[in-house]
1. Those residues that are at pLDDT below 95, among the small types (Gly, Ala, Ser) and either part of a helix (DSSP H, G or I) or closer than 15 Å to residue 117 by Cα (or both), I need them from the range 308-348; list them, please.
2. Considering the range 26-40 alone, what residues qualify as being modelled with pLDDT of 85 or more, surrounded by 14 or more Cβ atoms within 10 Å (Cβ to Cβ) and not β-branched (Val, Ile, Thr)?
3. Give the range 217-248 a look and list any residue that's touching a residue at least 40 places away in the same chain (Cβ under 8 Å) and open to solvent by 60 Å² or more (accessible area, probe 1.4 Å), or say none.
4. Working only within the range 499-528, note down all residues that are open to solvent by 30 Å² or more (accessible area, probe 1.4 Å) and among the hydroxyl-bearing types (Ser, Thr, Tyr).
5. For residues in the range 295-327 being hydroxyl-bearing (Ser, Thr, Tyr) and either closer than 18 Å to residue 136 by Cα or loosely packed, with under 15 Cβ neighbours inside 10 Å (or both), which is nearest to the chain's Cα centre (by Cα)?
6. Pairs only if they're at least six apart or on different chains, beta carbon under 8 angstrom, first in the range 160-175 and more than 20 Å from residue 195 (Cα to Cα), second of a type in the set (Asp, Glu) and outside any strand (DSSP E or B); list them, first residue then second.
7. So in the range 267-294, with the set limited to residues that are among the polar types (S, T, N, Q) and not in a helix (DSSP H, G or I), which one is most open to solvent (accessible area, probe 1.4 Å)?
8. Could you list, in sequence order, the residues of the range 328-342 that are open to solvent by 10 Å² or more (accessible area, probe 1.4 Å), touching a Ser or Thr at 6+ places or on another chain (Cβ under 9 Å) and not acidic (Asp, Glu)?
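The values are calculated or read from the model by the stated rules, or taken from the named source; none is laboratory data. As the structure is a prediction and not an experimental result, all values here were calculated from the model. Cβ sites come from the backbone with ideal geometry, for glycine too, and all protein chains shown count toward neighbours. We work out accessible area using only protein heavy atoms, side chains counted, and drop any ligands, DNA or RNA first. Shrake-Rupley method; radii C 1.70, N 1.55, O 1.52, S 1.80 Å.
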Amino acid sequence: MPGLTKFTERYTDEEKDVLSAFFSNVDSNVFVLQGMPEVTKAALVARYSRSEMSMRRLFLKEFATDPETGSYYSDIHEAIDAIKRANSFSIGGKRANAFFKRVFAEYGDDSVIDNAGAHIAIDGVDQLEAKYIEDGRLAGYIEKSTRYVDFTSKYKLDNEGYIIGKSKDGTGSYPYKEYELVMQSPLSGEYTQTMDLLFDSVKRLRADLEKYLLDSMPIEEEVFSVKVNGVPQSAKFSAIQAGEVDDAENEEKRARSAYKSSIKAKSLDLARGLLPASTMTNLGWYASFRSFDHSLKKMLSLDYPPIIQTATQCYNELRKDNEYLIGGVMSQHGMEEIKFMREQRLLMEKLGQEIDMLYARKADGSRLSEENKARILRRQRDAERDVELVSYEGDEKSLYTVAAASVYPYSSLPLKRIISLLRSDAGKSSDVNAEAIISASVQGRTNRRQKPPRSFENANYIEEWRGNFGIFRDLQRNRFALQVRKELGIDEGYTIPAEIYRINAEDFYKDKIEAAASLYRDMKSRLPQFAQSVVPFAYKLRWYASFDLREAVWMHELRTSRQGHPDYRKLMQESFYELSYANPSLVGSSMKFIDLNSYGLERLDAEKRKEGKLSRL
């Protein structure tokens, strides 16, 4: 007997009436699930793995049930009529919940909740909460940008604290978070005064910086991509104004719009250093319920009250229609896991403090006061670089491993034998030497979106980075790399953009930074769990990043590109140099789109392209 050419059933017209509401087609072997609750999708996919039936047949047999009772319909016509009357997003819910109850009770298998996901929108979290949430790597996040959004707008509030609109007369409240415990403490006045001072200063700085940028980088001197007699060219704005290009009127409009957006982005980039970590942002979060389960448990194990409150709110919202998908967070096992993570963290904190004391005693030869210990540690920090390559394998070992792994799927030889062959004199002198294989692996890359093969994941690195909090916020979004930060504080110093000096605002800037530092010290002694929240973006912190070469290519080519923030571009350029020194045979040939230049209006090219795309819509 012949085999099957397809695994697609023929459905009756009545069955098609039911299926068409929940599947993107009824006659192909590839289809999308739609119009049903997430719990039904997850249960259906999980049940699919233990059934001989096709998914659509399985749905008809086991999940096209009464939304209220979960019971089966007597015939297909009854199902059609009921589904037409029902809210489609309740279909199969009772059956699915029963399925999950049985699976968790019998097997304790939480892998099935990977098959369902949800979007959460969270308005008004502070910057620390956002970073705690975004620490999860198996999820998608989108956060309000400091580059495109002015955070210094004031808002009118009603008597209960709800926003009733943006202020138009300069009165109202800035978007920084009022923490209940802080506002009930003796520090409430100093906190409010300092936060208002920082937001006032960002607003003033941005206005001064925008004027400086307009004067120092006039639009007349900027170059834009245009067409002259149908031929793509570059032309100054003055040539566009003079009508020397095709479609001059529209080209001028596009150029002005791109320039205006670039000036705004640049001024926001430069002024954001004075924004405090208490600045409220909005966050979109998409994840599977398994990812939510882990992230919420981790958030609930922390000792930062706002993140515990936000985690609890997220849990309560998610469980409204998904009790059996998210209920494990607050189950007995969930609470035990939260307790374990909290106790583990507290133990590591204690050991970290003992490591500091051990270092201080070794440096001084005796037991030191806290003041002297801090002085020794600060002197050591000042002497260190902002990028330190901590761990990597030698250039030769990495080269042969990556090269061998690249050809391994296509060779009949075992991996170890390929490595030995490439190391041999015959291998080194042949046309298929390790360097040639690496070169061929990235041959033909015409842009950074074309990634090296997965064999490049066999070269691994750990770097420690030191940069301002604004840099950390930007780079944390590269979730392929493991990134672990230290607590945000003031001991590492702060950065001042060169443009602040050029407008003679360095003393103004430093005064505001010092005001925040004074509040930080008071908070650290009285309300230490909230001390991080008052630290401005300009202050530096340390974190380490662990990544492989494939991740490094993506991250460094992306984060050195022209439109990036100048602060993180500089850090990524330094990281590129470190990696190049360590593994020149690999890094030099694989990172083809590193940009080591510096620019004035970083966003101008990107804004030009955006305006060009919009004009073609």
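1. If the condition is that a residue be at pLDDT below 95, among the small types (Gly, Ala, Ser) and either part of a helix (DSSP H, G or I) or closer than 15 Å to residue 117 by Cα (or both), then 327, 328, 334 are the ones that fit.
2. 31, 33
3. Result: 225, single match.
4. If the condition is that a residue be open to solvent by 30 Å² or more (accessible area, probe 1.4 Å) and among the hydroxyl-bearing types (Ser, Thr, Tyr), then 501, 518, 525 are the ones that fit.
5. Within the range 295-327, the match that is nearest to the chain's Cα centre (by Cα) is 295.
6. Going by the 8 Å Cβ cut-off, the qualifying pairs are 164/158.
7. Top of the filtered list is 282.
8. 339, 340, 341, 342
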